[in-house]
Amino acid sequence: MLLTAAFFWLFAIVTILSAIAVVTARNPVHSVLFLILAFVNAAGLFLLLGAEFLAMILVVVYVGAVAVLFLFVVMMLDVDFAELKKGMMATQPGLLVVGLAVAAVVVIELVMVMGGWLHLAQPLAVGGVPLSPGVSNTQALGLVLYTRYFYLFQAAGFVLLTAMIGAIVLTLRHKPEVKRQSIEEQNARTRSGAIEIVKVRSRTGVEGA
């Protein structure tokens, strides 16, 4: 029990510090790396709660795909965020007010959640019990996800699809001087348009060569 509590505090403290570093880091690449660290430690917390499926999904999907995709997009775009922030503050000072308002709302929500958790009459572990004693947490998660929250699950899939398309559009750059393959032009080629047969007399060259 003492070892479990020690691991809980270790994972929790590192997760909180990593989340703060994601927001406060000046370099966006460092923010993504701190985000990966937060995901890994959150997976450790899921393991302590007995939700091993959620822990593996968090590592495989979010760390192995989503966070790496963020890092790839940030490195491909090569955006000067310092110059961008400087220009944004000069041209649109109202964005600072909007950002502070959103931050205040998030802080109020966190305080309300923590206050409700502290004054909760029943322990939180009761809500995490599977649907029946013979059902594992993975099966219970699938039953709830594909029945009660099916539409929300599909909506989340569309959001991720939109993010993937946006990343592709942002990183796709066409350069006019680079030769590219055109399947339509290759299929439409004929013998007359592809080659030219020239009869050359002996000991003479081809005109225009």
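What is the distance, in nm, between label points placed 7 Å from the Cα along the Cα-to-Cβ direction at residue 49 and at residue 113?
1.0 nm
For the pair residue 10/residue 69, report the inter-label distance in nm, with labels modelled 7 Å from Cα in the Cβ direction.
With each label point 7 Å from Cα toward Cβ, the separation is 3.2 nm.
Could you look at segment 1-64 and say what percent of its accessible area is carbon and sulfur, using a 1.4 Å probe and all protein chains?
Reported share for carbon and sulfur atoms: 82 percent.
Spin-label point model (7 Å from Cα, Cβ direction): what's the residue 30 to residue 194 distance in nm?
Each label point is offset 7 Å from its Cα along the Cβ direction, giving 5.7 nm.
Which ³J(HN,Hα) values in Hz, rounded to whole numbers, follow from the phi angles of segment 141-148 under the Karplus curve 6.51 cos²θ - 1.76 cosθ + 1.60, where θ = phi - 60° and Gly and Pro get x?
These are the phi-based 3J(HN,Hα) values: 5, x, 5, 6, 5, 9, 10, 6 Hz.
The values are calculated or read from the model by the stated rules, or taken from the named source; none is laboratory data. Every value quoted in this text rests on a predicted model; they were computed, and no experiment measured them. Neighbour counts are summed over all protein chains in view; Cβ atoms, including those assigned to glycine, are modelled from backbone coordinates with ideal geometry. Areas reflect the complete protein model, heavy atoms only, side chains present, ligands, DNA and RNA absent. Shrake-Rupley method; radii C 1.70, N 1.55, O 1.52, S 1.80 Å.
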